[in-house]
Structures are given as C-alpha cells and as structure tokens.
Amino acid sequence: MASVTFDHISKRFGEMVAVNDLNIQVADKEFLVLVGPSGCGKTTALRCLAGLEEITGGQILIGERVVNDVAPKDRDIAMVFQSYALYPHLSVYDNMAFGLKLRKVPKDEIKRRVNEAADILGIQDLLGRKPRQLSGGQRQRVAVGRAIVREPKVFLFDEPLSNLDAKLRVQMRAEISKLHQRLQTTFIYVTHDQVEAMTMASRIAVINKGILQQIDTPQNLYDMPSNLFVAGFIGSPAMNFFPARLRKDGGTLLIDSGDFVLRIPAEHAKAYETHAGRDVVFGIRPENIHDADFVPSNIRAEKIEAKVDVTELMGNEIFLYLVTGKNTSVARVDPRSKVQIGNKSQFAFDMDKFHIFDAETEQAIR
C-alpha cells in the first residue's frame, strides 16, 4: 500500500496548460476522486501519475519514491480505463491473466490471483467466455479484475462507468466502494460526474482549467464550497445564484437582488458586515427553497414571490423552475405542493442555509 503525492505538478501541451501547479497528498488507503468538467485536466493528471504522460514540472511520489523517470510498468499501479480495453480474442480468464503472464508470474500464482479476483467480483462463471459474450457491466468487472490481479499499491480509474446505463452505474458505484473497503488499497478515481464523486470518495479534488479549486470531504465541499465554481459544480440540481448587493437598513443586513430583499439573521450577519455596500452573489441550494405552504417548522424563512415556469414531478419531490424578474432558479419542494405552471406563488428561503460570494473574486465570504 502507498500514499501518492502530486508536488507542484504541471503539464503543458505546447502553449496549452493542461495541469497547473497541482498539489495533492493522497493518504495510504484513501479513496480520492478527481472531478471537474470535460477538459479540466483531471485525466491528464491521472495519466501523469500512471507514467502515460511526461510531466512538464514538479514531482510525483508513490510512497517515498519519486517516479518521474520510472517506466509505467515499474510504478506498481494498475489502471482501469473508460474503454475497458479487453482483448476480444482472449477469454475472460486470459484477459485477466495477460499482464501476469508477461511478468513471468508462475502459473499456480496466476490461477490463484485470477480466481480470487473473479470471486471478489462475482464473475467466476464468466471466466471461459469471450468479451463479445458479456454485457457492459460484466466487461467492466473484467477490466477491474485485470487490475486487481496485479495486486498494485495504487488503483487508478479513468471514468470507468461512463459507458454504462444509469441503473448499472448506480450498481457499479456501490460495488467499487465495497471493493475499496475489501482491498484496503489507495484508489484514485477520475470522473466528470459529481454524483459519482459524492457517493464514493473519502475526499474530492475539484479541478477547473487545470487548477485545483478545492479538496475536502464530500460533505464539506457541499456545505462549504470555497468559490462559485465549486458551489455550482457540486450538487444536483446545481446551486441557484442571484446577483445582489449587501446593504444595511438600521441594524439589519439585507441581501438586495433588485427582485427581492432578504434579511440575514443577526447571528449570521457578522460574517458579512465588512461587505456591506458591495456587490455579491447570493447562493442557495434547491432543497433550501420551499413552497410557502409546506415550510419545515425548524427553519428561519424569508418569503419571496416567484412565477412557476416548469414543474418536474419526481415522485418523492417536485422540481420547480422559478422566475423572479431577470433571474431563474430551481426549487426542490414537497410532493404535496399544488403550485401551477404560469402562476405566481410564495416561496420560502431557508436563511440558515445560504452562501454569499464576492462578485469580483468569486470567492466565498465566510
């Protein structure tokens, strides 16, 4: 088992900076997820760790060993790709054993490792089949099994679930999490799907345009995003943002969006008083906007009026797309709500669950 360190890593492709001064320390046995939009540099960072891309600057360490100039086969890592990369002419057993045969591992040891991995993944009865005879989920298990038999220090996953349907992705998320608990090995996982990141990671590193935005536990990222990008990327549906101005009215601090005015509770106001008179961005998550007829009893609510533009009935909840002046937002409300499309209705903002960002720097104001 081993820790992994990205020490001021940069990677350029000509004039384009794919990874910019990346600093991450991954603890031994941790499950770290690199998440961000397509093209943000997360896969490039993973390929640099695997040795498939040569870094432009910095150092990569696996354990205490600097691996900048170490060949990929000697880094003691195993990688699971998005495309599965199975040999179509080989059986499942031979696909899983292939890398071990190249390393001249004894046949008895190969058999032990393959059977053990197949047992872990529940694919014992598939070992004699060819990849074309397998479903997408079964092929993904074989690709994971091929990595397991290597018994590496670090597992790398590059968007391994993106080719699966929605139901199978949910199932495989749970299986990969259980696999991490069982193997007790360092996992580094790349995805653009923040739901995958939130459900599996010990910690999440959010990357945008090659720059690390924030790294923390899933819950801390959700509750305390450091900037507008993280706040908008983590959470589904995304956080609502309203351009606004902080102003004082007597002893009360107000959020004035032009379309509505909200009072900030006194115990929260102190954190924002230095920004009074300045432009900000007010953020609130959809689940913290309630139908005024179904406001939970334990929240401090500020009510606004909004027009309902679209409704999406989800069974256990309703998504409402609201219009307030020039701004649109999404509310996640009680399924008993009777609001109608095209009507104006009252909605309650939970003023214990809001975020304020500096309009110029886009950084969270704490």
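The values are calculated or read from the model by the stated rules, or taken from the named source; none is laboratory data. Everything numeric in this text was worked out from a predicted model, so none of it was measured. Glycine also receives a Cβ, built like all others from the backbone with ideal geometry; neighbour counts cover every protein chain displayed.
Would it be correct to say that LEU168 is assigned to a loop (DSSP other than H, G, I, E, B), free of Cβ contacts under 8 Å to residues at least 40 places away in the same chain and assigned by TED's automatic domain parsing to the domain that holds CYS48?
On the way: assigned to a loop (DSSP other than H, G, I, E, B): no; free of Cβ contacts under 8 Å to residues at least 40 places away in the same chain: yes; assigned by TED's automatic domain parsing to the domain that holds CYS48: yes.
No; evaluated as a whole, the condition is false for this residue.
Does segment 306-321 contain any residue that is in contact (Cβ under 8 Å) with a residue 24 or more places away in the chain, loosely packed, with under 13 Cβ neighbours inside 10 Å and either touching a Lys or Arg at 6+ places or on another chain (Cβ under 9 Å) or not in a strand (DSSP E or B) (or both)?
There is no residue in segment 306-321 that is in contact (Cβ under 8 Å) with a residue 24 or more places away in the chain, loosely packed, with under 13 Cβ neighbours inside 10 Å and either touching a Lys or Arg at 6+ places or on another chain (Cβ under 9 Å) or not in a strand (DSSP E or B) (or both).
Listed residues ARG173, ARG129; which is under 24 Å from ALA201 (Cβ atoms), surrounded by fewer than 20 Cβ atoms within 10 Å (Cβ to Cβ), in the same structural domain as ASP193 (by TED's automatic domain parsing) and free of Cβ contacts under 8 Å to residues at least 40 places away in the same chain? Working first, answer last.
Details: ARG129 fails: under 24 Å from ALA201 (Cβ atoms).
Only one candidate passes the filter, namely ARG173.
So, in segment 171-215, exactly how many residues are in a strand (DSSP E or B) and under 19 Å from VAL230 (Cβ atoms)? Give the steps one after another, and end with the answer.
Step one: filter segment 171-215 for residues in a strand (DSSP E or B), giving 186-191, 203-208, 211-215.
From what is left, the residues that are under 19 Å from VAL230 (Cβ atoms) are 189-191, 203-208, 211-215.
Total meeting the criteria: 14.
Return the pair list, or none, for Cβ contacts closer than 6 Å from residues in segment 245-274 that are without any contact (Cβ under 8 Å) to a residue 24 or more places away in the chain to residues that are β-branched (Val, Ile, Thr), at least 6 apart or on different chains.
Qualifying pairs under 6 Å: LEU253/ILE264; LEU254/VAL261.
Checking the structure you have, find out if any residue of segment 98-107 is of a type outside the set (Asp, Glu), surrounded by 14 or more Cβ atoms within 10 Å (Cβ to Cβ) and farther than 29 Å from VAL26 by Cβ.
From segment 98-107, those of a type outside the set (Asp, Glu) are 98-107; that's our starting set.
With surrounded by 14 or more Cβ atoms within 10 Å (Cβ to Cβ) added as a condition, the list becomes 98-100, 105.
Checking which are farther than 29 Å from VAL26 by Cβ leaves us with none.
No, there is no match, as no residue in segment 98-107 is of a type outside the set (Asp, Glu), surrounded by 14 or more Cβ atoms within 10 Å (Cβ to Cβ) and farther than 29 Å from VAL26 by Cβ.
When segment 338-357 is examined, which residues are found to be more than 31 Å from the chain's Cα centre (by Cα) and assigned to a loop (DSSP other than H, G, I, E, B)? Working first, answer last.
Looking only at segment 338-357, we keep the residues that are more than 31 Å from the chain's Cα centre (by Cα), and these are 338-346.
Answer for segment 338-357, where residues must be more than 31 Å from the chain's Cα centre (by Cα) and assigned to a loop (DSSP other than H, G, I, E, B): LYS338, VAL339, GLN340, ILE341, GLY342, ASN343.
Can you tell me which residues in segment 15-62 are more than 24 Å from SER177 (Cβ to Cβ), in contact with a helix residue (DSSP H, G or I) (Cβ under 9 Å, 6 or more places away or on another chain) and hydrophobic (A, V, I, L, M, F, W, C)?
Result: ALA18, VAL19, LEU22, LEU52, ILE55, ILE60.
Can you tell me which residue in segment 180-197 is nearest to ALA238 (Cα to Cα), limited to those that are crowded, with 20+ Cβ neighbours inside 10 Å and among the hydrophobic types (A, V, I, L, M, F, W, C)?
ALA197
Show the residue pairs that are 6+ apart or on different chains and have beta-carbon atoms under 9 Å apart, the first residue being within segment 134-163 and at positive phi and in the same structural domain as ILE188 (by TED's automatic domain parsing), the second being at pLDDT below 85 and in a loop (DSSP other than H, G, I, E, B).
These pairs meet every condition: GLU159/GLN82.
Restricting the search to segment 82-95, which residues are surrounded by 15 or more Cβ atoms within 10 Å (Cβ to Cβ) and either over 26 Å from VAL190 (Cα atoms) or within 29 Å of the chain's Cα centre (by Cα) (or both)?
Matches in segment 82-95: GLN82, TYR84, LEU86, SER91, TYR93, ASP94.
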